[in-house]
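Take a look at the structure set out below.
The values are calculated or read from the model by the stated rules, or taken from the named source; none is laboratory data. Treat the numbers as computed from the prediction; the structure is a model and nothing was measured. All Cβ positions, glycine included, derive from the backbone under ideal geometry; neighbour counts span all protein chains shown. Side chains included, ligands, DNA and RNA excluded: accessible areas come from the protein's heavy atoms. Shrake-Rupley method; radii C 1.70, N 1.55, O 1.52, S 1.80 Å.
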Amino acid sequence: MNIIKNLQWRYAVKKYSDEQVSEDKIDEIIEAINLTASSCGIQPYRLFVITNPEVRQRLGEGSFNAQIHASSHLLVFAGFNEITTDYITEYVEMMEQQRNLEKGGLKILEDTLIGYFSTHTPGQNVIWSDKQAYIGLGTALIAAAELKVDATPMEGFDPKLFDEVLGLSEKGLHASVILSLGYRDAENDYLASAPKARLPINEFSTKIN
Ligand SMILES: Cc1cc2nc3c(=O)[nH]c(=O)nc-3n(C[C@H](O)[C@H](O)[C@H](O)COP(=O)(O)O)c2cc1C
């Protein structure tokens, strides 16, 4: 099983080489994230793909994670602050078009979603959006491993600084989690040759037949 081999190969890289990831591979990873599942299917987060060195230098200020600036690409998963009625309506309209349905063909879904989110507080929406963003993160990790691109998921960053530098609040977004992409510097990364530390499968999972 290639996927298991590739997941054994991957680890959260601490030190990257200067090698850049091709735009083709980056685009495949972005597409994989776009294709992943989200609750209610409304993709309540956006992805920023950052290579600009000055922007990345600023984003990394005060963080212990050098990978924020010292890697090929930085992905920022930015969750929605609110789930608005307008967003739901526009998204459902897009679904109708893509599924060749007449306008209003998914009205029941639209009304259900609007009703559901009207009971959420803004705080609940932020938590819910973050959860969906993390599903994107998981998919990105698998996609990167399949392409033999190295990656580091990170929560060690300053979300306020990210909001400020990327202007996220104006866009109704906040930084949920980030991911650097690149190629490991195997000689200088102390984790590059460390065996994986994981629970035995039988302790981790239970099959109920
Ligand atoms: C949500 C999340 C946040 C993480 N934050 C950081 C981080 O800020 N810096 C870092 O070097 N690694 C971070 N990691 C990497 C984990 O420490 C790493 O995945 C874990 O130790 C398992 O090791 P492996 O991924 O190398 O197999 C994070 C991982 C996840 C999933």
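Taking the Cα centre as origin and putting +1 on Lys and Arg beta-carbons and -1 on Asp and Glu beta-carbons, what dipole magnitude results for the stretch 1-149, to the nearest 20 debye?
Magnitude of the dipole: close to 660 debye.
Assuming 0.36 nm per residue, please report the length gained on full extension of the stretch E54 to Q124 beyond their Cα-Cα distance.
Stretched out fully, the E54 to Q124 stretch lengthens by 21.8 nm.
So what's the angle, to the nearest 10 degrees on a 0 to 90 scale, between helix 107-118 and the longest Cα principal axis of the chain?
70 degrees
In whole Hz, with x marking every Gly and Pro, tabulate ³J(HN,Hα) for the stretch 52-61 from phi via Karplus 6.51 cos²θ - 1.76 cosθ + 1.60, θ = phi - 60°.
3, x, 5, 4, 5, 4, 5, 5, x, 4
Read phi for every residue in the stretch 67-75 and hand back ³J(HN,Hα) as whole Hz from Karplus 6.51 cos²θ - 1.76 cosθ + 1.60, θ = phi - 60°, with x for Gly and Pro.
Listing the rounded values in order: 4, 4, 9, 9, 7, 6, 9, 10, 9 Hz.
Which residues' amide hydrogens lie under 5 Å from the amide hydrogen of Y16, considering only partners 5 or more residues apart or on another chain, with H built in the peptide plane?
D185
Please identify the longest segment of the chain free of exposed GluC sites (Glu not before Pro), where exposed means a DSSP state other than H, G, I, E or B and no more than 16 other Cβ atoms within 10 Å.
103-154
Amide H of N81: which non-local residues (sequence gap of 5 or more, or other chain) have their own amide H closer than 5 Å, using H built in the peptide plane?
Result for N81 returns L173, H174.
How would you classify the stretch 1-80 from its alpha-carbon gyration tensor, with a ≥ b ≥ c the square roots of the eigenvalues: rounded for a/c under 1.5, else prolate if a/b is greater than b/c, otherwise oblate?
Cα axes put the stretch 1-80 in the oblate bin.
Per residue, how much accessible area does the stretch 1-47 show when a 1.4 Å probe rolls over the protein heavy atoms, in square angstrom?
63 Å²
Within the accessible area of the stretch 1-114, what % is carbon and sulfur when the probe is 1.4 Å and the other protein chains stay in place?
Carbon and sulfur together cover 51 percent of it.
Compare the Cα positions of C40, Y11, H120 along the charge dipole of the chain (+1 at Cβ of Lys, Arg; -1 at Cβ of Asp, Glu; about the Cα centre) and return the one farthest towards the positive end.
It is Y11.
Collect residues whose amide H, placed 1.01 Å from N in the peptide plane, falls under 5 Å from the amide H of Y11; neighbours closer than 5 in sequence don't count.
For Y11, whose amide H was placed from the backbone, the distant partners under 5 Å are A151.
Can you give me the C-alpha center-to-center distance between the stretch 14-41 and the stretch 126-156, rounded to a whole angstrom?
Cα centres, the stretch 14-41 to the stretch 126-156: 9 Å.
If R0 is 30 Å, what FRET efficiency do you get for W9 and A37 from their C-beta distance, rounded to 0.05?
0.75
In the full protein assembly as shown, how much of F117 is accessible to a 1.4 Å probe, in Å² to the nearest 10?
10 Å²
Please say if the stretch 83-209 is rounded, prolate or oblate, where rounded means a/c under 1.5 for a ≥ b ≥ c the square roots of the C-alpha gyration tensor eigenvalues, and otherwise the choice is prolate for a/b larger than b/c and oblate otherwise?
It is prolate, given that a/c is not under 1.5 and a/b is the larger ratio.
Over its Cα atoms, what ratio of radius of gyration to 2.2 N^0.38 Å does the stretch 1-136 give?
The reported ratio for this selection is 1.31.
Convex hull over the Cα atoms of the stretch 44-84, averaged projected area in nm²?
Hull-based average projected area comes out at 3.4 nm².
To the nearest 10 Å², what's Y16's accessible area with a 1.4 Å probe?
Approximately 20 Å² of Y16 is accessible to the 1.4 Å probe.
In the chain, what % of DSSP beta bridges are antiparallel (nearest 5)?
95 percent
Could you identify which residue out of P122, P195, P44 has the top mean-square fluctuation in a GNM of the chain using Cα springs shorter than 10 Å?
Among P122, P195, P44, the largest GNM mean-square fluctuation belongs to P195.
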